[in-house]
1. In debye, nearest 20: dipole of the chain around its Cα centre with unit charges on the Cβ of K, R (+) and D, E (-)?
2. Send over a whole-number figure in Å² for the accessible area per residue of the chain, probe 1.4 Å.
3. If you take every residue apart from Glu31 with its C-beta less than 12 Å away from the C-beta of Glu31, what net charge results, scoring Lys and Arg +1 and Asp and Glu -1?
4. To check you understand DSSP bridge types, tell me what percent of the beta bridges within the chain (both residues inside) are antiparallel, rounded to 5.
5. Give me the Kirkwood hydrodynamic radius of the chain in Å, from all C-alpha pairs, to one decimal place?
6. Give a residue-ordered list of calculated ³J(HN,Hα) values for the range 34-40 (Karplus: 6.51 cos²θ - 1.76 cosθ + 1.60, θ = phi - 60°; whole Hz; x for Gly, Pro).
Amino acid sequence: ISIDLSPFSNVTEVAPCFLTYCTSLTTIDLEPLANVTTVGLHFMYSCTSLTSIDLGPFANVTTIGVGFLGNCTSLIFIDLSPLVSLTTTLDKTFMIKCKALKPAMRKQFMQSVEDRKNGVVPQHLLL
């Protein structure tokens, strides 16, 4: 299953629980969400069939709520480097229970966000 987000091209804020528990969702094109600056809590939480996601359109996102992509148990690839504008602290529920991803990489990305907020240049991270 795939979802067409093109009607949401003018959206700047994604509401809480966006596409939560879409367990049959395998792919999604986030390009229409390129204007988004704020992502609410539990963004795509428990999309258990999702294997990869391109966060390229999220380059302008400054705020991410708790539970972002949490429990996406089939997620094996994600490039988090587009999240260069984050200004909020990511909590322990960020991508929690993404069992197919390497836990050390998730932790490293979370640290790079904190480093960036403190003026340290981030490294390119692929999970």
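The values are calculated or read from the model by the stated rules, or taken from the named source; none is laboratory data. Since we're looking at a predicted model, the values are computed, not measured. Virtual Cβ from ideal backbone geometry, glycine too; neighbours counted across all protein chains shown. The accessibility values were calculated without ligands, DNA or RNA, using every heavy atom of the protein model including side chains. Shrake-Rupley method; radii C 1.70, N 1.55, O 1.52, S 1.80 Å.
1. On the way: 8 positive and 9 negative charges, 113 e Å.
About 540 debye.
2. Details: 6400 Å² over 127 residues.
On a per-residue basis, the chain sits at 50 Å².
3. Numbers: positive: none; negative: Asp4, Asp29, Asp54.
Neighbourhood net charge equals -3.
4. Numbers: 1 of 10 bridges.
So the antiparallel bridges amount to about 10 percent of the total.
5. On the way: mean 1/r = 0.0692 Å⁻¹.
Across the chain, the inverse of the average 1/r is 14.4 Å.
6. 5, 8, 6, 10, 10, 10, x
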